[in-house]
1. Which one of the conditions (1) more than 18 Å from the chain's Cα centre (by Cα); (2) at pLDDT below 75; (3) not hydroxyl-bearing (Ser, Thr, Tyr) does residue 16 fail to meet, given that it meets all the rest?
2. With a cut-off of at least 1 residues that are open to solvent by 90 Å² or more (accessible area, probe 1.4 Å) and modelled with pLDDT under 75, name the strands (runs of 3 or more DSSP E) lying wholly within segment 36-144.
Amino acid sequence: MKKGQTTLFVVLGIVIVVIAGIGYSFREQIITAASGSSLTKAETLPPQFAEKRTAVEECISAVLNQAILTISVQGGYAGESPSGSYMLGELPIAYHFSKGVDLIPTKEVVAEQIAKAMQKEVTACATIIDLPEPKTAKVQVKVDDEKVTATVNMPLKVEIS
């Protein structure tokens with residue numbers, strides 16, 4: 001090996017170690033930025049809100065689970081299914097293969113449908129902590145191979161008296 005190649009590998013090794021050190025030092029900020037999480041940490045909330053926060057999170061989780069179940073039963077769609085779907089009473093069930101055409105919805109379509117189903121129900125979670133239903137709630141859903149993640153942005157106004 002030539003002297004120039006050895007120098008290149010040593011410098012490259014030092015750069016990798018420095019980058020790894022910086023990444024380790026700022027890991028929490030990097031993880032927060034990468035996940036898009038902007039939730040307030042529970043320890044920064046006043047203690048009287050911990051129970052209410054937990055109740056809202058459990059409600060949102062239940063809404064997500066119900067939306068996943070509904071979408072699963074209906075073949076990947078919420079409410080309306082593509083034309084030609086099988087109707088089981090009033091429940092539309094989408095065909096995934098018809099007349100030689102693949103009609104399986106993509107993960108993105110399923111995520112949109114879950115978000116749509118959640119959008120209708122998630123604002124009711126405010127009422128379980130005696131707050132009026134918020135006028136807006138934004139729901140984003142990500143479907144991975146082994147999990148479904150929902151991000152709910154729902155402004156709640158709580159006053160302490």
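1. Condition not satisfied by residue 16: (2).
2. On the way: elements: 86-88, 91-93, 138-143.
It comes to 86-88.
The values are calculated or read from the model by the stated rules, or taken from the named source; none is laboratory data. Owing to the predicted nature of the structure, the values given are computational and were not obtained by experimental measurement. Side chains are part of the model used for accessible areas, which takes the heavy atoms of the whole protein and leaves out ligands, DNA and RNA. Shrake-Rupley method; radii C 1.70, N 1.55, O 1.52, S 1.80 Å.
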